[in-house]
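A short worksheet on the structure shown next.
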Amino acid sequence: MVTLPVSLSPSSCSSCPSQRPSPGSSRRESRPWRGDSLRSSVLKFWEFFVSIKLVTAVTTPAERPHTRTAGRGLVNMAEKISLPAKLINGGIAGLVGVTCVFPIDLAKTRLQNQQGQGTYRGMYDCLIKTVRSEGFFGMYRGAAVNLTLVTPEKAIKLAANDFFRNVLAQEGKELSLVREMLAGCGAGTCQVVVTSPMEMLKIQLQDAGRLATQKVVGGEAAAVVPPPQRPSALLIARDLLRTQGISGVYKGLGATLLRDVPFSIIYFPLFANVNKLGQKSPQQKAPFYHSFIAGCFAGSVAAVAVTPLDVLKTRIQTLKKGLGEDTYNGIMDCARKIWSNEGPAAFMKGAWCRALVIAPLFGIAQVVYFIGIGEYVLGYFK
């Protein structure tokens with residue numbers, strides 16, 4: 001819980017932990033505003049700023065009139081969930097979820113990128129061939145990028161959705177479906193700042209194995225074609241920044257927005273309404289298992305619904321193409337070529353994989369978020 005003093009003077013904050021006397025602290029009490037005083041003041045101001053501007057909580061209709069009042073009521077709302085707690089919750093959920101489902105995400109990327117009669121017949125065939133040719137850890141190509149950036153991505157998505165829900169809330173009324181969708185739209189728009197470069201780097205690493213396998217299946221001898229240098233995220237990012245600037249890292253930003261905004265518009269309202277069915281009263285949270293099931297259900301529905309947009313994004317962001325594969329010049333050109341060369345069924349490539357990836361990923365995220373592991377961790381160290 002964040003405790004905010006009325007002012008920053010030591011006399012006005014006698015209840016603050018930093019001002020409480022402790023054994024052997026009489027010498028320190030005689031000089032309360034020396035040494036680390038500047039750091040303490042900055043930290044207190046930052047806590048106040050975060051609590052007012054950035055920290056929000058999803059509240060029930062009965063709580064909203066209290067939390068939206070001026071002064072202490074707003075601070076009470078901020079005390080419920082802090083930005084550091086969001087980061088911890090998002091990080092834990094992302095790390096656990098990505099570790100569990102990343103091999104399926106790799107299969108999804110490779111299936112979506114292959115054109116025509118491809119190397120892989122399905123998800124299981126892709127995973128088996130990947131293990132045989134690249135080893136067990138070949139299924140985790142690109143996982144380091146996800147594990148590094150999934151913490152801010154999940155934190156931004158969940159925090160932004162809470163922020164917009166609170167902004168759009170009307171006192172004494174439940175959030176309407178349209179306002180829930182607008183909140184999800186805002187969350188999806190905010191997250192692409194991290195999601196777009198993360199997906200860009202991850203796709204190159206995931207698809208490298210497919211291109212190498214395609215050369216072998218196509219009959220190119222390993223003695224004639226030397227094995228390419230195994231790419232790394234840092235090497236790819238450096239080359240893109242040097243040759244294309246920041247726009248190279250954010251290639252496919254429009255396609256990422258086109259996928260993530262509809263996903264969030266579907267996911268967040270659907271989750272909120274399904275999760276509400278497990279609440280015994282508006283003031284109580286749903287059981288963790290109900291939140292998990294609601295997250296899995298909403299995530300899988302939203303994932304399958306936006307699969308055609310995910311196929312477009314994956315194709316556009318893939319830099320290296322296989323032999324005879326099409327290249328694309330924008331979203332419309334990509335959609336037209338896929339429709340004419342591969343048929344409408346190609347837009348649903350990897351839909352089953354996406355459902356298997358997104359469902360547990362968001363189910364775990366919502367369980368961690370609703371249990372409040374981040375709040376517990378921060379409270380333990382206070």
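Looking only at the stretch 129-168, residues that are under 24 Å from the mean Cα position of the chain (by Cα) and outside any helix (DSSP H, G or I) come to 2 in all. For the stretch 171-188, the candidate set comprises residues that are outside any helix (DSSP H, G or I) and open to solvent by less than 80 Å² (accessible area, probe 1.4 Å); within that set, the residue that is farthest from Gly299 (Cα to Cα) is Gly172.
Applying the condition of being β-branched (Val, Ile, Thr) and out of contact with any Pro (no Cβ under 9 Å at 6 or more places or on another chain) to the stretch 247-294 and asking which residue is most open to solvent (accessible area, probe 1.4 Å) yields Ile293.
The rows are residues; the columns are (1) farther than 25 Å from Arg121 by Cβ; (2) out of contact with any Ser or Thr (no Cβ under 9 Å at 6 or more places or on another chain).
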{"position": "Ser340", "(1), (2)": "no, yes"}
{"position": "Met348", "(1), (2)": "no, no"}
{"position": "Arg354", "(1), (2)": "no, no"}
{"position": "Ile358", "(1), (2)": "no, no"}
{"position": "Phe362", "(1), (2)": "yes, no"}
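Taking the conditions (1) closer than 19 Å to Pro269 by Cα; (2) in contact with a Leu (Cβ under 7 Å, 6 or more places away or on another chain) in turn, Met139 satisfies each one other than (1).
Any residue in the stretch 343-352 that is crowded, with 20+ Cβ neighbours inside 10 Å, part of a helix (DSSP H, G or I) and among the basic types (Lys, Arg)? Looking for residues that are crowded, with 20+ Cβ neighbours inside 10 Å, part of a helix (DSSP H, G or I) and among the basic types (Lys, Arg), one finds none in the stretch 343-352, hence no. Considering the stretch 367-381, and only residues there that are closer than 11 Å to Ala85 by Cβ and not small (Gly, Ala, Ser), the residue that is most open to solvent (accessible area, probe 1.4 Å) turns out to be Tyr376. When Gly97 is tested against (1) part of a helix (DSSP H, G or I); (2) modelled with pLDDT under 65, exactly one condition is not met: (2).
Within the stretch 295-321, being surrounded by fewer than 19 Cβ atoms within 10 Å (Cβ to Cβ) and either among the aromatic types (Phe, Trp, Tyr) or not in a helix (DSSP H, G or I) (or both) holds for Phe297, Leu319, Lys320, Lys321. Scanning the stretch 118-131 for residues that are open to solvent by 40 Å² or more (accessible area, probe 1.4 Å) and either at pLDDT 90 or above or closer than 21 Å to Lys313 by Cα (or both) yields Tyr124, Ile128, Lys129, Val131. None of Val216, Val193 is modelled with pLDDT under 90 and open to solvent by 70 Å² or more (accessible area, probe 1.4 Å) except Val216.
Where the second residue is open to solvent by 80 Å² or more (accessible area, probe 1.4 Å) and the first is over 13 Å from Tyr267 (Cα atoms) and lies in the stretch 279-306, which pairs have Cβ atoms under 6 Å and are six or more apart or on separate chains? Every condition considered, the pairs that remain are Phe288/Ile371.
When the residues of the stretch 132-161 are filtered to those that are under 21 Å from Thr189 (Cα atoms) and of a type in the set (D, E, K, R), which remaining residue is modelled with the lowest pLDDT? Result: Lys154.
Could you grab the pairs with beta carbons closer than 9 Å, sequence gap of 6+ or different chains, first residue in the stretch 253-276 and within 15 Å of Phe297 (Cα to Cα), second one of a type in the set (Phe, Trp, Tyr)? That search, which allows pairs on different chains as well, returns Tyr267/Phe362; Leu270/Phe297; Phe271/Phe297; Phe271/Phe362; Val274/Phe297; Asn275/Phe370.
Taking every residue in the stretch 339-358 that is within 10 Å of Gln112 (Cβ to Cβ) and among the small types (Gly, Ala, Ser) and pairing it with any residue that is open to solvent by 80 Å² or more (accessible area, probe 1.4 Å) and at pLDDT 90 or above, at least 6 positions away or on another chain, the pairs with Cβ-Cβ distances below 9 Å are Ala346/Trp339.
The values are calculated or read from the model by the stated rules, or taken from the named source; none is laboratory data. A quick note: this is a predicted structure, and the numbers were derived from the prediction, not measured. Neighbour counts run over all protein chains shown; Cβ positions are idealised from the backbone, glycine included. For the accessible areas, the whole protein counts, side chains as well, though only heavy atoms, and no ligand, DNA or RNA atoms are used. Shrake-Rupley method; radii C 1.70, N 1.55, O 1.52, S 1.80 Å.
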